[in-house]
Amino acid sequence: MPSDSLRAVIFDIGRVLVRVDVGRAMKGLAENIRLSPEEIWSAIEKDSRWKDWQEGRISPANWHQHLNRKLGGSLTFEQFSRVWNSALDPQAIQDDRMLASIAKHCRLGLLSNTDPIHVAHLEATYSFFRYFPPKVRTYSCIVGASKPSPLIYREALRRVEAQPAESVFVDDVQENVEAARTLGMKGIHYQSPKGLISELQSLGALGKDAASQIFRDKVTGA
């Protein structure tokens, strides 16, 4: 049975719920730009407006125009958006039944460093969003702060209406997990679906029967 002290489980999205292949998107941009995919990504990561983009201080249209000017691109906004979203694998990582099982006993939340173009694509593409009502979706581009800033964790806790000690945070980046723990949250450093199910079960967020069924189905291919 789930722990009586556990009220919420909050998930990162990229590389926890959705696979991310930045290289695929950069290859798409490189078809239109006289730079290698690696050079393009390096330029974007180091760009002075990158954090503004992640934290919602620049609009999608202005970000597109900014990168076209900086990198010498000529894609339309629609073309750019398709290429940008190609970094997101269409097949979700986790079994929806895991989320459904957790949702019977705990509140679910999302906490992601992401941008408006990805948000629109994510919410339109993946079935798991039905377990995360809009109220509990905490995005850096909406909050104006990004992990590992304490501000965005506190906003995520506010949205799921839980105290730190009542909450679990799952992320693939150790620094982000440690930031959550510093605030008093339980943290899971995500490495694999099987490991995640085991850790959620040990914390009381996922029942033994549900975990066993998901494991069996993965083995049999059901």
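The values are calculated or read from the model by the stated rules, or taken from the named source; none is laboratory data. Bear in mind that the values here come from a model prediction, so they are computed numbers and not experimental data. Every residue, glycine as well, gets a Cβ built from its backbone with ideal geometry; the counts of neighbours run over all protein chains shown.
At-a-glance table
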| read-out | value |
| --- | --- |
| Yes/no for Gln174 being without any contact (Cβ under 8 Å) to a residue 40 or more places away in the chain and farther than 30 Å from Ile33 by Cβ | yes |
| Boolean, Cys106 is out of contact with any strand residue (DSSP E or B) (no Cβ under 7 Å at 6 or more places or on another chain) and either surrounded by 18 or more Cβ atoms within 10 Å (Cβ to Cβ) or within 20 Å of Val16 (Cβ to Cβ) (or both) | no |
| Failed condition for Lys104, given (1) out of contact with any helix residue (DSSP H, G or I) (no Cβ under 7 Å at 6 or more places or on another chain); (2) in the same structural domain as Glu199 (by TED's automatic domain parsing); (3) closer than 27 Å to Pro148 by Cβ | (3) |
| Search result, residues across region 149-163 that are outside any helix (DSSP H, G or I) and closer than 18 Å to Asp115 by Cβ | Ser149 |
| Filter result for the condition that a residue is closer than 30 Å to Pro193 by Cα and of a type in the set (A, V, I, L, M), over Leu71, Leu67, Leu88 | Leu88 |
| Residue selected from region 139-158 under the condition without any contact (Cβ under 8 Å) to a residue 60 or more places away in the chain and surrounded by fewer than 22 Cβ atoms within 10 Å (Cβ to Cβ), by the criterion nearest to the chain's Cα centre (by Cα) | Pro148 |
| Tally, over region 31-63, of residues that are farther than 13 Å from Cys141 by Cβ, crowded, with 17+ Cβ neighbours inside 10 Å and under 22 Å from the mean Cα position of the chain (by Cα) | 2 |
| Some residue of region 41-48 being of a type in the set (Asp, Glu) and in contact (Cβ under 8 Å) with a residue 60 or more places away in the chain | no |
